[in-house]
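Take a look at the structure set out below.
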Amino acid sequence: LSAHSVWVSTDHDEIEKVAKQFGAQVHRRSPEVSQDSSTSLEAIREFLNQHPEVDIVGNIQATSPCLHPSDLIKVADLLQKEGFDSVFSVVRRHQFRWSEVKKGENKMTEPQNLNPAKRYRRQDWPGELYENGSFYFAKRHLIEKGYLQGGKMAYYEMRAEHSVDIDIDIDWPIAEQRVLRFGYFGREPLKEVKLLVCSIDGCLTNGRIYVTEDQKQMVSYDYRDIVGIDLLKKRGIQVRLISERDCSKTLSAMQLGCVAKTSATNKLQVLEDWQKDMGLSWKEVAYLGNEESDVECLRKAGMSGVPADACVVAQKAAGYICKSNGGCGAVREFAEHIFLLLEKVTSARKQLEEINSAVKETRK
C-alpha cells in the first residue's frame, strides 16, 4: 500500500498522544466538526482544506477493529492501477428480508428478497452485499463535492470474520472475541505462551484460611481450576505456582504436580529466575496474580491477568480481568484466555502469509 501519510483525526488529547506514540500524524478537529452529530465526511473535508497535497483519502473506521493491511493493499491497487474513483468495503450476508408493518397498519408483511414457497438453503444462495462500514476510499474531487462514494465505483468484499462493526454496547463483547481470533496483530511475530505462573492465595484459592479447633489450617479450591491447569499442561504450557506463605503442605495435599515456590519474599525475582532458566522471552510468560505484591510481575509478563476480586492496583496492572473470583474458576478462565492467544498466533501467521502474497501480486 503506497500511503504517503497516516493521520488520526481527533479532538482528544489522550488519543493524540497514543496516535503519535504509534507513529501516526494527528489532525486536530475543530469544534465545528467534533459534535455528536458531526459526520466523517465533514472531518475529511476539513482535513483536505488544510492539505492540498492529498489526492486520495482512505477513511478507516475505528469501529471496525478487524481490518487487515492485506485488504488495504488490494484496495490501493483498485484505485491506483484500475482507475476507480471510490472503493468501499462490503460483506456478504445470507439474511432474508421482509417489509416492515408499522403498528396500526392493516396490512401483511411481504417478502423482499425471497420466495417463501421456494426458500433457498444458505449454501445454495449467493446472498447479498451490505456495506460493513470498515473503510471508504475516495478521490479528492468527489469528497469536495460532498461524496464518499461516486464516479467510477467499486466495492471490496471482506471476509465475514473480519467484518466487525461496533455500533451499540452489545457489539463490544462480540468484537473482543473476534479481535482475539481474527484481528490484525502487527508485523512482529507473536509468541506462544510457554509458562503460566499463578499466585496461589487469592487466585488458585479464594485467599481464605480455615482454622480447626485443633489449629489445623485448611483452604478450598475449585475443581474447574484444576482442570484448567491440566489442559494447559496438555497444550505444552508449564504451570508454576508462587506464594508469600509457607503453604507447602497444602500444595502436597492438592497433588497438582506443579513446580512451586513458597515463602517468596520477592515474587518478581522468582519470576525472573524461572524465565531465564527456561530460556523464555517475557512474551512467552503469563502471570495470574491478585495482590499488590504481584504488580511488578503482572507488568513484566507478556500476558497478565487477575481474578475479578483482585485489589485495585493489581487490576490496573493487568491486561485481563477475569469475570470469576479467585478460587472460583479464575485459573480456568485465564487458561481459556491463553488458548485464545494460541489461536491468535496461528491467525497472525496466516495474516503474514496473506500480506506477503498481496505485496507480491501488486509488484507484478
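The values are calculated or read from the model by the stated rules, or taken from the named source; none is laboratory data. Worth saying up front: this structure is predicted, and the values here are computed from it rather than measured. Using ideal geometry, Cβ is built from the backbone for each residue, glycine included, and neighbour counts are taken over all protein chains shown. Protein only, heavy atoms only, side chains kept; ligands, DNA and RNA dropped before computing areas. Shrake-Rupley method; radii C 1.70, N 1.55, O 1.52, S 1.80 Å.
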- [ ] Any residue in the stretch 20-47 that's on the phi > 0 side of the Ramachandran plot: show its pairings with residues that are surrounded by fewer than 17 Cβ atoms within 10 Å (Cβ to Cβ) and not aromatic (Phe, Trp, Tyr) at Cβ separation under 8 Å, as long as the two are six or more apart or on different chains.
- [x] Gly23/Val6
Task: First in the stretch 141-154 and free of Cβ contacts under 8 Å to residues at least 60 places away in the same chain, second anywhere and aliphatic (A, V, I, L, M) and surrounded by 14 or more Cβ atoms within 10 Å (Cβ to Cβ), Cβ under 9 Å, 6 or more apart - done: Leu142/Leu148
TODO: Select, from Ala264, Ala308, the only residue that is more than 23 Å from the chain's Cα centre (by Cα), on the phi < 0 side of the Ramachandran plot and outside any helix (DSSP H, G or I).
DONE: Ala264
Open item on the list: So Glu192 ticks every box in (1) charged (D, E, K, R); (2) assigned to a helix (DSSP H, G or I); (3) modelled with pLDDT of 80 or more; (4) touching an Asp or Glu at 6+ places or on another chain (Cβ under 9 Å) but one. Which box is left unticked?
Closed with: (2)
TODO: Please name all residue pairs, on different chains or six or more residues apart, with Cβ atoms under 7 Å, provided the first residue is in the stretch 157-170 and is more than 22 Å from Ala76 (Cα to Cα) and the second residue is open to solvent by 100 Å² or more (accessible area, probe 1.4 Å).
DONE: Ile166/Trp172
- [ ] Please tell me if Ala314 is assigned to a loop (DSSP other than H, G, I, E, B) and either open to solvent by 60 Å² or more (accessible area, probe 1.4 Å) or without any contact (Cβ under 8 Å) to a residue 60 or more places away in the chain (or both).
- [x] no
TODO: Working carefully through the options Val306, Val345, find the one that is open to solvent by less than 10 Å² (accessible area, probe 1.4 Å) and modelled with pLDDT of 95 or more.
DONE: Val306
TODO: Answer yes or no: is there a residue in the stretch 279-288 that is touching a residue at least 12 places away in the same chain (Cβ under 8 Å), in a helix (DSSP H, G or I) and under 10 Å from Ile242 (Cβ atoms).
DONE: no
Task: Filter pass, Tyr155 being open to solvent by 30 Å² or more (accessible area, probe 1.4 Å) and in a loop (DSSP other than H, G, I, E, B) - done: no
Open item on the list: Being in contact with a Lys or Arg (Cβ under 6 Å, 6 or more places away or on another chain) and in contact (Cβ under 8 Å) with a residue 40 or more places away in the chain: is that true of Asp71 here?
Closed with: no
TODO: Within the stretch 236-256, count every residue that is open to solvent by 40 Å² or more (accessible area, probe 1.4 Å) and at pLDDT 90 or above.
DONE: 2
